[in-house]
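In what follows, a single structure is set out as structure tokens and then discussed.
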Amino acid sequence: MNALVFPLQGLTIIVCLGVLLHLQFGRTGIVNFGVVGFSGLGMYTTGILVVNYEVPFALALLIATALTGLVAFLLGLLILNLESEAVLVATLAFSTIVFYLVTSESWLTEGVVGLGTVPRPFDVGDTSTSQLLFLLVLVAIAAALLVYAARLQHAPYGRLLFSIQDNETLSRSLGKPTFRHKLVFFTVTCAAMGAIGGLDASVNQFLVPRLLTADLTFVVWIALVLGGRKRVFGAVLGTLLTVGIFDIVIELYVDVPREFAQQLPNVQLMLFGLTLILVILFRPQGLLGERRRKPQDSPTAESRKKVQA
Amino acid sequence: MDTLIIGLIEAAPLVLAAIGFTLIYYLNGFINVAYAETVTSGAYFAILFNSILGLNFYAAIVPAALLAGALSALTYVAVFRPALRRGVGKIEMIVLSVGLSFLMRHAVRLFFGVDLYLFDITDPSYLSVFGTGVTSAQIWAMVLAVLIAVGAYLLTYKTTYGQQIRGLASNADLAATSGIDPTKTSVLVWFVSGVAGGLAGIFIGVFSFVDYTLGWNLILIIIMVTIIGGIGSVRGALVAGAATGIATAVLTNLSDPLYAQVFLLLLFIAVLRFRAAAARSVKTLMARS
Amino acid sequence: MTGASSATRPPGSPAAGAKTLHLHDVHKHYGGRTVVDIDDLVLGAHGIEGLIGPNGAGKTTLMKLITHVVSPDRGRIEYHSPDGTVLLTQHSPDAIARMGVVKTNQVIQDFESLTIRESLLLSLAGAEQEKFYKVLRDKAFLRRADQEIDEYLDIFTFQDPDGRAGSAGEKKLLDILRCLLLKPRFLLMDEPTAGLPQEETDKVMELMRTKTQETDLSILIIEHDLDLIWGTCEFVHFMAEGEILLQGTPSDVRSNATVAEKYLGASHA
């Protein structure tokens with residue numbers, strides 16, 4: 001049981017980031033290729049405040065969230081009215097900058113030596129109970145994000161986001177200040193990524209720049225695209241099928257020969273790459289497919305099929 | 001002065017890489033992140049012939065570059081052409097190329113491990129250019145960069161293929177109906193692009209070392225400088241590729257990667273915003289004119 | 001500035017003069033070609049006005065200049081309403097829409113992720129509803145919205161209002177309804193009937209007539225269906241090569257030699 005707790009914490013973190021990316025990319029069409037930049041900023045800010053300055057964890061997390069939000073706001077202000085291709089490149093570049101920052105400013109971050117130890121947000125005395133409790137907190141946060149994403153589908157704001165993704169010019173012509181909405185939503189969801197990163201600091205406990213490579217962004221993307229980027233549970237399904245299979249099923253339950261075990265993370269990223277190619281070629285909307293067409297209360301659910309064609 | 005000359009010299013492989021990347025962006029209109037692995041593959045093919053099979057370095061360049069070109073053409077035929085035919089969107093094409101990039105990069109890592117490989121290049125002769133010592137390999141890199149640039153220019157402007165390439169770039173459907181075989185022409189472009197990328201990888205490897213992240217470490221810079229350069233035509237792209245390659249090399253030599261990256265991002269944003277403002281009503285910011 | 005709600009006037013009072021658009025020295029060219037070149041133009045002095053002219057006359061561009069989707073090279077576009085005078089060229093397209101100056105689209109535009117009903121709900125929701133933290137069911141808003149939407153769905157028939165708009169005609173109609181639900185005060189209609197079945201066209205025009213009589217709505221219509229223009233509009237502007245060449249009542253314009261030569265001759269041959 002204890003062996004499961006740590007990988008499950010990591011998996012839940014990926015799910016949280018995946019749902020947030022779903023809100024950005026799957027809902028609004030903001031191509032954030034710098035997920036790890038935002039979560040990493042939150043992670044290191046939390047870590048630095050707690051370890052170097054002995055700030056209480058909750059306060060550190062709050063500051064980290066606000067700081068990430070502020071940075072996202074400034075970046076968004078500059079790039080969100082550019083083409084989606086430019087947003088992709090700029091966010092990727094941003095995450096690279098965060099990586100370099102953490103690596104080179106070692107007076108603050110300890111650089112490649114590593115920063116530690118970030119404690120758990122709370123301690124109930126017994127380590128394994130605390131860990132389990134922490135896992136439950138993370139799962140609760142993931143559940144809350146999922147509920148939010150699901151509710152949003154039927155809320156005015158959700159329709160607004162879809163309209164921005166589908167046809168921003170048309171949305172503007174209907175009086176929607178689309179840039180401001182994108183900026184606010186980008187800021188909020190990136191701040192949330194920062195908060196998740198702050199919690200992840202506590203999962204990892206020992207922070208090294210290697211945690212901030214583009215690999216993490218890639219893992220979140222593959223999970224979301226595989227599951228279905230427009231679907232609320234896309235990130236959950238995708239994470240279970242990718243990180244879940246490798247970090248939990250194979251890691252814990254499959255007896256991998258020692259000489260091969262070393263190559264496992266490598267093979268994993270290879271297969272993720274292959275999966276991504278296959279998904280985009282053969283099932284671009286992901287395993288869960290398009291958004292379910294009809295909201296609740298429709299008496300005409302059957303007749304809809306005809307129109308779809 | 002020294003830094004400038006070193007910068008200029010080290011720019012040669014970057015110019016090669018930028019030209020190769022640009023050709024594909026110009027032809028197919030998407031950012032091919034997997035181009036990073038084309039660059040890496042050139043370096044590893046050359047290592048294979050040179051350090052492992054013991055071939056002379058200069059003799060190893062030729063088959064290595066050709067193989068990199070072939071690999072590039074293969075990725076087009078096996079992955080990108082089917083995707084383009086299925087009408088995969090611009091952003092999804094990039095995501096697809098990221099997937100391919102991870103697949104190829106980690107395949108390389110699986111076979112070659114994380115070791116650093118060095119080229120076995122005996123007695124590089126030192127020459128003096130304006131008082132700065134340069135090696136013969138560096139001179140070769142510059143010569144090849146110029147040759148490839150001229151070749152790419154001639155290919156797109158002086159041959160029938162060139163007409164077809166320009167036709168394809170502006171409208172693939174129209175080109176197809178007017179009797180151009182898009183596959184043949186595209187494969188050629190991807191091959192040439194691969195050769196340029198492969199050569200870039202080889203020379204970057206010669207100047208330092210070869211490992212599986214060689215191309216990946218460069219690709220973001222290549223993408224950004226190419227977009228900053230603006231791609232209105234191959235002609236423009238060649239000039240932009242050269243200028244930005246040099247600028248990048250100087251930039252990375254003058255400061256540490258953090259500030260170079262910050263500077264590049266700010267420049268990227270500034271240029272795109274300026275272009276967006278200049279072309280308010282025009283839909284595409286960086287697409288072909 | 002966000003007031004989308006229109007003050008309803010007592011029925012029967014004249015619409016004229018309530019809201020007008022004044023264009024002064026408005027100029028727009030693409031490359032070397034002048035698309036719009038207007039010295040002085042007043043739009044909206046009559047309830048429903050028509051804007052006619054040959055293809056390429058600059059009619060659509062003129063409308064896009066008003067909604068600021070396209071920026072003029074020079075010139076001023078003023079919007080006079082009971083709330084005061086606003087220089088439209090200083091405002092963003094969305095702000096202009098919120099002031100009540102709204103344009104329907106000639107080329108079909110749609111949100112592919114939204115059903116017809118969702119699309120209409122989008123129109124009705126304002127800044128008040130559209131907050132990222134408001135995800136709970138807003139019963140009051142939904143009740144109000146459904147009522148308004150059903151008013152239109154009673155008049156116009158969609159195959160399935162809870163599915164996506166299927167045919168081109170449905171999309172075109174949806175585009176118009178989205179604009180109407182914004183409760184515009186000045187509606188610019190760019191070829192509203194192109195692609196619509198005749199029956200729906202009649203219903204739309206009938207509704208427009210009612211709206212201009214019962215509320216303070218002003219309408220400007222671009223149409224190639226001239227019978228519709230002569231039958232519906234109180235005043236017609238004739239545009240060619242970027243300039244307004246002639247203005248007047250439908251019968252004036254219809255009988256004018258220039259119009260006949262430049263336009264009617266071609267299309268009414």
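Scan segment A:88-104 and report the pairs whose first residue is in contact (Cβ under 8 Å) with a residue 60 or more places away in the chain and whose second residue is surrounded by 24 or more Cβ atoms within 10 Å (Cβ to Cβ) and not in a helix (DSSP H, G or I), with Cβ atoms within less than 6 Å and a gap of 6+ or a chain change.
As it stands, the answer is A:Thr91/A:Asn32; A:Thr91/A:Phe33; A:Thr91/A:Gly34; A:Leu92/A:Phe33; A:Leu92/A:Gly34; A:Phe94/A:Gly34; A:Ser95/A:Gly34, since those pairs meet every condition given.
Looking at the structure I just gave you, is A:Leu70 of a type outside the set (Val, Ile, Thr), part of a helix (DSSP H, G or I), over 14 Å from the mean Cα position of the chain (by Cα) and within 11 Å of another protein chain (Cβ to nearest Cβ)?
No.
Just for segment A:172-194: of the residues that are without any contact (Cβ under 8 Å) to a residue 60 or more places away in the chain and either among the aromatic types (Phe, Trp, Tyr) or over 23 Å from C:Arg137 (Cβ atoms) (or both), which one is farthest from the other protein chains (Cβ to nearest Cβ)?
Among them, the one singled out is A:Arg180.
Tell me which strands (runs of 3 or more DSSP E) are completely within segment C:38-99 and hold 3 or more residues being at pLDDT 95 or above and touching a Ser or Thr at 6+ places or on another chain (Cβ under 6 Å), or say none if there are none.
So the answer is none; nothing clears 3.
Within segment B:41-64, can one find any residue that is over 24 Å from B:Thr156 (Cα atoms), within 14 Å of another protein chain (Cβ to nearest Cβ) and not β-branched (Val, Ile, Thr)?
Within segment B:41-64 (the criterion being over 24 Å from B:Thr156 (Cα atoms), within 14 Å of another protein chain (Cβ to nearest Cβ) and not β-branched (Val, Ile, Thr)), the answer is no, since none of the residues qualifies.
For B:Ala59, only one of the following conditions fails: (1) closer than 30 Å to B:Ile165 by Cα; (2) touching a helix residue (DSSP H, G or I) at 6+ places or on another chain (Cβ under 8 Å); (3) assigned to a helix (DSSP H, G or I). What is its number?
(1)
List every residue pair whose Cβ atoms sit under 9 Å apart, with the two residues 6 or more apart in sequence or on different chains, where the first one lies in segment A:113-130 and is farther than 12 Å from A:Ile48 by Cα and the second, anywhere, is among the acidic types (Asp, Glu) and not in a helix (DSSP H, G or I).
A:Ser130/A:Asp123
Is there a residue being at pLDDT 85 or above and either of a type in the set (Phe, Trp, Tyr) or touching a helix residue (DSSP H, G or I) at 6+ places or on another chain (Cβ under 6 Å) (or both) anywhere in segment B:272-282?
The answer is yes, given that some residue of segment B:272-282 is at pLDDT 85 or above and either of a type in the set (Phe, Trp, Tyr) or touching a helix residue (DSSP H, G or I) at 6+ places or on another chain (Cβ under 6 Å) (or both).
Look through segment B:48-82, keep the residues that are buried (at least 22 other Cβ atoms within 10 Å of the Cβ) and farther than 30 Å from A:Phe282 by Cβ, and return whichever of them is nearest to the chain's Cα centre (by Cα).
Looking at the filtered set, the residue picked out is B:Ala65.
Return the total of residues in segment A:44-75 being under 30 Å from B:Tyr25 (Cα atoms) and either polar (S, T, N, Q) or crowded, with 22+ Cβ neighbours inside 10 Å (or both).
2
Got at least one residue in segment C:75-83 being free of Cβ contacts under 8 Å to residues at least 12 places away in the same chain and over 25 Å from C:Glu223 (Cα atoms)?
No, segment C:75-83 contains no residue that is free of Cβ contacts under 8 Å to residues at least 12 places away in the same chain and over 25 Å from C:Glu223 (Cα atoms).
Filter segment B:83-96 down to residues that are within 17 Å of B:Val187 (Cα to Cα) and surrounded by 15 or more Cβ atoms within 10 Å (Cβ to Cβ) and give me whichever is nearest to the other protein chains (Cβ to nearest Cβ).
Top of the filtered list is B:Ala83.
Kindly indicate whether A:Leu80 is surrounded by 20 or more Cβ atoms within 10 Å (Cβ to Cβ), of a type outside the set (D, E, K, R) and either within 14 Å of another protein chain (Cβ to nearest Cβ) or closer than 20 Å to A:Phe134 by Cα (or both).
yes
Would you pick out the residues in segment A:148-159 that are more than 7 Å from chain C (Cβ to nearest Cβ) and under 16 Å from the mean Cα position of the chain (by Cα)?
A:Ala149 - this is the single residue of segment A:148-159 that is more than 7 Å from chain C (Cβ to nearest Cβ) and under 16 Å from the mean Cα position of the chain (by Cα).
For segment C:206-222, how many residues meet the condition of being surrounded by fewer than 21 Cβ atoms within 10 Å (Cβ to Cβ) and in contact with a helix residue (DSSP H, G or I) (Cβ under 8 Å, 6 or more places away or on another chain)?
3
Within segment C:62-75, does at least one residue satisfy the condition of being over 20 Å from the mean Cα position of the chain (by Cα), in the same structural domain as C:Leu226 (by TED's automatic domain parsing) and not small (Gly, Ala, Ser)?
Yes; the residues of segment C:62-75 include at least one that is over 20 Å from the mean Cα position of the chain (by Cα), in the same structural domain as C:Leu226 (by TED's automatic domain parsing) and not small (Gly, Ala, Ser).
Listed here are the residues, each with its yes/no results for (1) among the aromatic types (Phe, Trp, Tyr); (2) under 14 Å from the mean Cα position of the chain (by Cα).
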{"site": "A:Pro209", "(1), (2)": "no, no"}
{"site": "A:Phe218", "(1), (2)": "yes, yes"}
{"site": "A:Trp221", "(1), (2)": "yes, yes"}
{"site": "A:Ala235", "(1), (2)": "no, yes"}
{"site": "A:Phe246", "(1), (2)": "yes, no"}
{"site": "A:Glu259", "(1), (2)": "no, no"}
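The values are calculated or read from the model by the stated rules, or taken from the named source; none is laboratory data. Note that this is a predicted model, so its numbers are computed, not measured. Note: ideal-geometry Cβ built from the backbone for every residue, glycine included; neighbour counts use all protein chains shown.
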